[in-house]
Amino acid sequence: MVDNKKRLYWILQTSVWSAYAGVQIVVSILASGQPISVNRTIFFICEAALFFLATHLFRLYVKRRNWLRLKVPKLIPRVLLASALMALAVYLFRVPLSLITGRSAVFESSFLPDQIVGFSAIYMLFFFLWATFYFTYHFIEKYNKSLKYEAYMTSIELNNLKSQLNPHFIFNALNSIRALVDENPEKSKQAINQLSNILRNSLTFEKKRLTKFEDELKMVKDYLSLESVRFEERLKTEFNIHPQSANFRVPPLMIQTLVENGVKHGISKLTAGGVIQLKTMVENNRLKIQIRNSGQLLNGIRKSKGIGIPNTVQRLKLLYGDQAAFRMVNENNNFVLTEIVIPQTLVTT
């Protein structure tokens, strides 16, 4: 990567100042209408070489003084001053160069104030444009690296969050099965098969940033089927799924985690059990997922040391930023409402 950047720099540096010399020669020919002399050609080539050397030394100075780390307000005056100094330096070297190449007329006029100011201003403009391109290139590269790093760190954090969910879910599921082993061996076997299906699906979900809503819904139904073995008549389930929900992708295991949270902190706390309702709506290209569970939040807050809710909020923030919404409230005296709203991500086939 470093070698490629160096190669690109030398190619551009050589090309730009070679083009400068070429343009000077062509303009001179067109202006005079005669073939250009050897001395005049050498003068233009040497002048371009001065620009080449000045900009290269400037680049070395910039790197040594860490100007690439400066903010734009601090950088601009430095670049302007450097451009002026380089312009004056090139003009001063241009004077003996005109004498060496036999351009006595140019040498004699070089000390006139208007010549000094005029050529120095033009040279300063060239150097400022060169510096602008140079710093813009590096700022864009730095910005792209920052975006890649941010995306990489976000990916790592998402993977860490997902890796926390599986042990959390497995622990609760195994507890459910353990309670069945002595009471009803046949149902425990059925529960083990259901758990096996869930784990097989969750292993494939691990590799995904988002998954089809339909696949997540199947996971939720398998989980509730497993839990209904433990709770029997105490757990009732209701589904009201909008047909267009299938057009969306959702974070893997997120809905399942919230349903599990409702069962653990709502249904299991009630002697008579309760209901888990899953409803989805599609409005303005956004998917609204509502999970209701029997029970109540204490003072509007679910007292829990679990990772499910904080995990969900953090994943939504990482994936969607401000485009997603999450809330958990007491809807009435009987139900807790957990609601997620996410933007549309169409499923492509």
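List of remarks:
- The set of residues in region 246-268 that are small (Gly, Ala, Ser) and more than 21 Å from Met328 (Cα to Cα) contains only Ala246.
- Failed item in (1) at pLDDT 70 or above; (2) not assigned by TED's automatic domain parsing to the domain that holds Thr55, with Lys142 passing the rest: (2)
- Exactly one residue among Phe111, Phe119 is in the same structural domain as Lys142 (by TED's automatic domain parsing) and not in a helix (DSSP H, G or I), and that residue is Phe111.
- The set of residues from region 235-257 being surrounded by 16 or more Cβ atoms within 10 Å (Cβ to Cβ), modelled with pLDDT of 90 or more and of a type in the set (A, V, I, L, M) comprises Leu235, Val250, Ile255.
- With respect to the conditions (1) touching a residue at least 60 places away in the same chain (Cβ under 8 Å); (2) among the charged types (D, E, K, R); (3) over 16 Å from Leu129 (Cβ atoms), Arg59 lacks only one, and its number is (3).
- Any chance Thr257 is assigned by TED's automatic domain parsing to the domain that holds Gln190, of a type outside the set (A, V, I, L, M) and without any contact (Cβ under 8 Å) to a residue 12 or more places away in the chain: no
- Filter pass, Leu50 being at pLDDT 90 or above, surrounded by 12 or more Cβ atoms within 10 Å (Cβ to Cβ) and in the same structural domain as Phe93 (by TED's automatic domain parsing): yes
- Total residues in region 91-105, condition surrounded by fewer than 18 Cβ atoms within 10 Å (Cβ to Cβ) and part of a helix (DSSP H, G or I): 8
The values are calculated or read from the model by the stated rules, or taken from the named source; none is laboratory data. None of the values given here were measured: they were computed from a predicted structure. Note: ideal-geometry Cβ built from the backbone for every residue, glycine included; neighbour counts use all protein chains shown.
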